[in-house]
Structures are given as C-alpha cells and as structure tokens.
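Shown next, in structure tokens, is the structure this report addresses.
The values are calculated or read from the model by the stated rules, or taken from the named source; none is laboratory data. What you see is a predicted model; the values in this text were computed from it and never measured. Methodologically, a virtual Cβ is constructed for each residue, glycine included, from the backbone with ideal geometry; neighbour enumeration extends over all protein chains shown. Surface areas here come from the heavy atoms of the whole protein model, side chains and all, with no ligands, DNA or RNA. Shrake-Rupley method; radii C 1.70, N 1.55, O 1.52, S 1.80 Å.
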Amino acid sequence: MSEALKTVRRGRVLEVTLNRPKANAIDAATSIRMGEIFCDFRDDDSLWVAILTGAGDRIFSAGWDLKAAAEGEHERMDYGPGGFAGITELWDLNKPVIAAVNGLAVGGGCELMLAADLVVASEDAAFWYPEARLGNVADAGAVQRLPRRIPFNVAMEMLMTGRRMSAEEAHRWGLVNWVVPADQVMDKAREVADGLADSAPLSLWAIKEIVHGIDGMSVRDAFGALHARQFPGYERMLESEDHDEGPRAFVEKREPQFRGR
C-alpha cells in the first residue's frame with residue numbers, strides 16, 4: 001500500500017491515516033486509493049467502524065493538492081470510487097466513519113470532515129474554504145452539505161469569504177461533536193469507535209441507510225418509505241439474530257453479544 005495512506009485494523013475498527021507531509025493534501029492517486037480502502041471497509045463484515053485522521057499534529061488535510069492541480073490534474077477527472085477522497089460520494093457506505101481532526105481542515109479537508117458521521121476535533125483545529133479566492137468552488141461536499149448543517153447565512157459566509165471557523169465555534173453550530181486537547185484527539189476517537197463497535201452493527205448501518213435515504217422527504221413520506229420496505233439494511237436488521245439478542249440480553253441482565261448477523 002502507498003505510504004500516502006496508512007491503515008491499521010484494531011478489532012472491529014479500521015483506522016485510516018492520511019500521510020502526505022506537509023499538508024496531507026490529496027492528489028488523484030491518493031483519492032483513488034482512499035476510495036479502494038473505504039470500499040473494502042464497506043464490504044468487510046468483520047469491520048464495523050472507521051476512523052479517518054491526518055498524520056502529524058498541525059494539518060488534518062489541506063484538501064485538494066494544488067501542486068497537482070497546477071501540473072494538470074483537475075476537478076472533473078476521475079477521483080475513483082467514492083468521489084473525491086473516497087467517501088464524499090460513497091453513497092452506499094452505511095458504516096459509521098469518525099473524523100479525527102487533529103489540526104487545520106482546509107477546503108477539501110473540510111469536505112472530508114463533512115462526509116464523516118461524527119467528528120472529534122482538537123482545540124486548535126480550524127475549518128475554512130479558500131476556494132473562492134483561488135478561482136474555484138468547494139464542490140466536493142461543501143456547497144452540497146454545509147448549508148444543510150448550519151444556518152444558511154453562516155454557511156454562505158464561510159463559502160464566500162473564506163473566513164476560518166474555530167473548533168469551538170464549529171462545536172457550537174454542531175459541525176463538531178467533541179473538542180478535546182490536541183494530544184487526546186485519537187484517544188477520544190477510539191473511545192467513540194469502541195463504543196460504536198459494542199453496539200449492534202446492523203442497527204448502526206440501518207440508521208445511516210435510513211437517514212440518508214429519507215433526506216428531503218416529508219415526515220409522512222419518510223414513514224411511508226419504511227412501511228414500504230425500501231431499505232434493505234433495515235429489513236435485514238429486523239430479521240437478524242442481533243435483533244433478538246438485544247432484548248434477550250436485557251431480560252437476562254447481561255451484556256449483549258452482537259455478531260452482525
């Protein structure tokens with residue numbers, strides 16, 4: 001595997017580290033490899049949760065590699081499976097992904113964070129989109145996701161002015177779940193991941209499948225989609241051994257032993 005990406009399996013958790021000094025920027029080859037890694041993660045029933053972070057303690061990711069762009073790589077090229085950075089358009093990835101933002105998240109680095117389900121950030125992390133000042137648009141998730149996550153005017157301010165948002169402010173707006181000291185980012189991410197790995201995986205995956213699938217629907221239509229059995233992961237969960245194991249363990253006053261089946 002390329003040294004640009006390092007992976008470690010820790011029980012049911014996959015840890016993926018962007019390792020491209022100095023800024024953990026993502027070129028086409030790195031994006032394609034990230035897509036392959038997350039597709040393998042999606043398809044491996046022994047892996048239930050992923051953590052994505054950047055090497056070092058200063059920059060989580062500077063996003064798109066501007067040096068590669070200057071040399072001819074451009075936005076409409078093939079990023080590989082999952083779109084830019086492997087997960088921004090990996091629509092059938094229903095397993096939880098935690099972003100461990102251990103520093104600055106710039107442009108595509110912010111879009112990578114937006115594609116995750118949960119975010120742990122260091123106290124000195126900052127988030128911003130410089131694309132408008134570089135003759136570009138943050139179109140790998142920011143214009144699509146950011147105005148849906150935070151107030152419209154705040155999102156437009158970030159996208160248009162390129163101002164930096166601190167980790168504290170991102171936490172206030174709900175973009176970040178936890179803010180911790182820099183030396184505790186991975187510890188917190190692992191704590192969260194281990195907690196998820198103790199939950200029923202089919203339930204977690206069904207939650208993500210349903211939340212994404214009903215996006216844009218009215219509440220009534222969302223209920224209708226469930227009743228119409230439009231979500232195969234949800235149906236699989238209802239018919240699983242784990243679905244019976246949870247109530248049985250509760251009655252027997254023991255910890256449930258979920259197996260993902």
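Using label points projected 7 Å from each Cα along Cα→Cβ, tell me how many nm separate D44 and E235, to one decimal.
2.9 nm
Give me the angle, in degrees from 0 to 90, between the Cα long axis of helix 185-197 and the longest principal axis of the Cα atoms of the chain, rounded to the nearest 10.
Taking the Cα atoms of the chain, the angle to 185-197 is about 30 degrees.
At A228 and E123, where each label point lies 7 Å from the Cα along Cα→Cβ, what is the point-to-point distance in nanometres?
5.1 nm
When we measure straight from the Cα of K6, which aspartates and glutamates land under 15 angstrom away, once same-chain ones fewer than 8 places off are left out?
E15, E36, D40
Could you tell me the distance between the Cα centroids of segment 121-164 and segment 9-67, to the nearest Å?
Segment 121-164 and segment 9-67 have Cα centres separated by 21 Å.
Could you check the spin-label model distance between T7 and R248? Points 7 Å from the Cα along Cα→Cβ, value in nm.
Calculated label separation equals 3.3 nm.
Would you mind computing Rg(Cα) / (2.2 N^0.38 Å) for segment 218-261, counting N as its residues? Provide the component values of the computation, followed by the final result.
Values: Rg = 13.8 Å, N = 44, 2.2 N^0.38 = 9.3 Å.
Taking N as the residue count of segment 218-261, the ratio is 1.48.
Of the trypsin sites (Lys or Arg not before Pro) in segment 167-254, which ones lie in a loop per DSSP and count no more than 11 other C-beta atoms within 10 Å? Spell out each step's value before the answer.
Working: sites: R172, K188, R190, K208, R220, R229, R236, R248, K253, R254; in loops: R229, K253, R254.
In loop regions of segment 167-254 (DSSP not H, G, I, E or B), the sparsely surrounded trypsin sites (Lys or Arg not before Pro) are R229, K253, R254.
Could you report the chain's accessible area per residue, 1.4 Å probe, as an integer in Å²?
On the way: 13360 Å² over 261 residues.
Counting only protein heavy atoms, the per-residue value for the chain is 51 Å².
Could you work out the equivalent-ellipsoid semi-axes for segment 131-252, taking the square root of 5 times each eigenvalue of the Cα gyration tensor, largest first, in whole Å?
Values: eigenvalues 244, 106, 26 Å².
For segment 131-252, the semi-axes come out at 35, 23, 11 Å.
Among the lysines, which have Cα under 24 Å from the Cα of K208 when same-chain residues fewer than 8 positions away are ignored?
Leaving aside lysines fewer than 8 places away in the same chain, those within reach of K208 are K95, K188.
Along its three principal axes, how long is the chain when you only count alpha carbons? Whole Å, largest extent first please.
59, 40, 35
Rg and Dmax of segment 70-217, Cα atoms, in Å?
15.7, 47
Tell me, in nm to one decimal, what length is gained between Q257 and K208 on full extension, where the rule is 0.36 nm per residue of separation less the Cα-Cα distance?
15.5 nm
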